[in-house]
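First comes the structure, then the notes that go with it.
The values are calculated or read from the model by the stated rules, or taken from the named source; none is laboratory data. Note that this is a predicted model, so its numbers are computed, not measured. Glycine also receives a Cβ, built like all others from the backbone with ideal geometry; neighbour counts cover every protein chain displayed.
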Amino acid sequence: MNFLSRIFSIKKVPYLSWSSEHPLNKRPKAFTVIMLVIGLFLFGLGEAILIASDSGVSPWTVLAQGISKMTNVSIGEATFLISISILLFWIPLRQIPGIGTILNVIIIASAIDLTLPYLPHPENFLFKILQASLGILVVGIGSGIYLSCNLGPGPRDGLMVGLQQITNKSIPTIRTFIELSAVISGWFLGGIVGMGTILFVFGIGPCVGMGLTLVEKLSREA
């Protein structure tokens, strides 16, 4: 199977030379932790690039906006409630948290705050779309790196992996379904959908597939 076909058909997070044997590993290898941090930082950087493009927020932020309008809670509080709800779905899906689950929140948020002030905010529509596309690609590559560490996924990625395991569909297909469900729900509740949001919905699945395929290929060649 060639590289391009693998991107769209990959069904499992590959177990690589730096992968932890178990998500609850209390003493992971130093290189595994380094790869985890790199992956999560890239994830946050990609989110920041998307935000700075001013072309639309991610689907889950659209959902948080909608919930905020319907319940009068803040977007931050709505985001927290969404994350907790997703984690509850982990129980029947038998997903296991780890230090990666905790660092997911800390490092991604920190990466966004650290990089956002230095990123361009294009005014030209074409540049907005190009920057949004770059952000989505960086999120996908970061996802592939940190998921391959097997130290516990973030809430949305854990949902993605769990649903893949019970449906046996490809990871890009499952991720697209999840993001599409989030954005449709958020839109009906009053969230704002932009072109960057649409790009994220249909681009993040293949980009995560690319990230996973890329780290798998690099690990084999190392």
On the given criteria, is residue 105 outside any helix (DSSP H, G or I), at pLDDT below 90 and within 23 Å of residue 211 (Cα to Cα)?
no
Quick one: in segment 162-186, which of the residues that are closer than 15 Å to residue 140 by Cβ and in a helix (DSSP H, G or I) is farthest from the chain's Cα centre (by Cα)?
173
Neighbours by Cβ (under 8 Å, 6+ apart or cross-chain): first from segment 78-95, without any contact (Cβ under 8 Å) to a residue 12 or more places away in the chain; second crowded, with 16+ Cβ neighbours inside 10 Å and not in a helix (DSSP H, G or I):
none
Picking from 211, 158, the residue that is buried (at least 24 other Cβ atoms within 10 Å of the Cβ) and closer than 18 Å to residue 82 by Cα would be 158
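Check 96, 84 and return the single one that is more than 27 Å from residue 132 (Cβ to Cβ) and not in a helix (DSSP H, G or I).
Working: 84 fails: not in a helix (DSSP H, G or I).
Going through 96, 84 in turn, just one is more than 27 Å from residue 132 (Cβ to Cβ) and not in a helix (DSSP H, G or I): 96.
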Can you name every residue in segment 37-65 that is surrounded by fewer than 22 Cβ atoms within 10 Å (Cβ to Cβ) and of a type outside the set (A, V, I, L, M)?
41, 54, 65
Which of the residues belonging to segment 68-93 are farther than 15 Å from residue 189 by Cβ and either aliphatic (A, V, I, L, M) or modelled with pLDDT of 90 or more (or both)?
84, 86, 87, 88, 89, 90, 91, 92, 93
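Of all residues in segment 27-77, which are among the polar types (S, T, N, Q), outside any helix (DSSP H, G or I), more than 30 Å from residue 16 (Cβ to Cβ) and in contact (Cβ under 8 Å) with a residue 12 or more places away in the chain?
Within segment 27-77, the first condition is being among the polar types (S, T, N, Q), and the residues that meet it are 32, 53, 55, 58, 61, 65, 68, 71-72, 74.
Within this subset, residues satisfying the condition of being outside any helix (DSSP H, G or I) are 53, 55, 58, 72, 74.
Subset that is more than 30 Å from residue 16 (Cβ to Cβ): 53, 55, 72, 74.
Residues satisfying the conditions are 53, 55.
Does at least one position in segment 187-201 carry a residue that is more than 22 Å from residue 66 (Cβ to Cβ), in contact (Cβ under 8 Å) with a residue 12 or more places away in the chain, assigned to a helix (DSSP H, G or I) and β-branched (Val, Ile, Thr)?
no
Could you tell me whether residue 59 is over 19 Å from residue 180 (Cα atoms), modelled with pLDDT of 90 or more and not β-branched (Val, Ile, Thr)? Explain how you work it out, then say what you get.
Details: over 19 Å from residue 180 (Cα atoms): no; modelled with pLDDT of 90 or more: yes; not β-branched (Val, Ile, Thr): yes.
Taking the combined requirement at face value, the residue does not satisfy it.
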Among (1) more than 18 Å from the chain's Cα centre (by Cα); (2) buried (at least 23 other Cβ atoms within 10 Å of the Cβ), the one test that residue 21 misses
(2)
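Count, please, the residues in segment 95-145 that happen to be under 18 Å from the mean Cα position of the chain (by Cα), surrounded by fewer than 18 Cβ atoms within 10 Å (Cβ to Cβ) and aliphatic (A, V, I, L, M). First the steps, then the outcome.
Of all residues in segment 95-145, those under 18 Å from the mean Cα position of the chain (by Cα) come to 95-113, 115-116, 131-145.
So of that shortlist, the ones also surrounded by fewer than 18 Cβ atoms within 10 Å (Cβ to Cβ) come out as 96, 102, 105-106, 109-110, 113, 116, 134.
Next, from what is left, pick out any that are aliphatic (A, V, I, L, M): 96, 102, 105-106, 109, 116, 134.
Residues meeting the conditions: 7.
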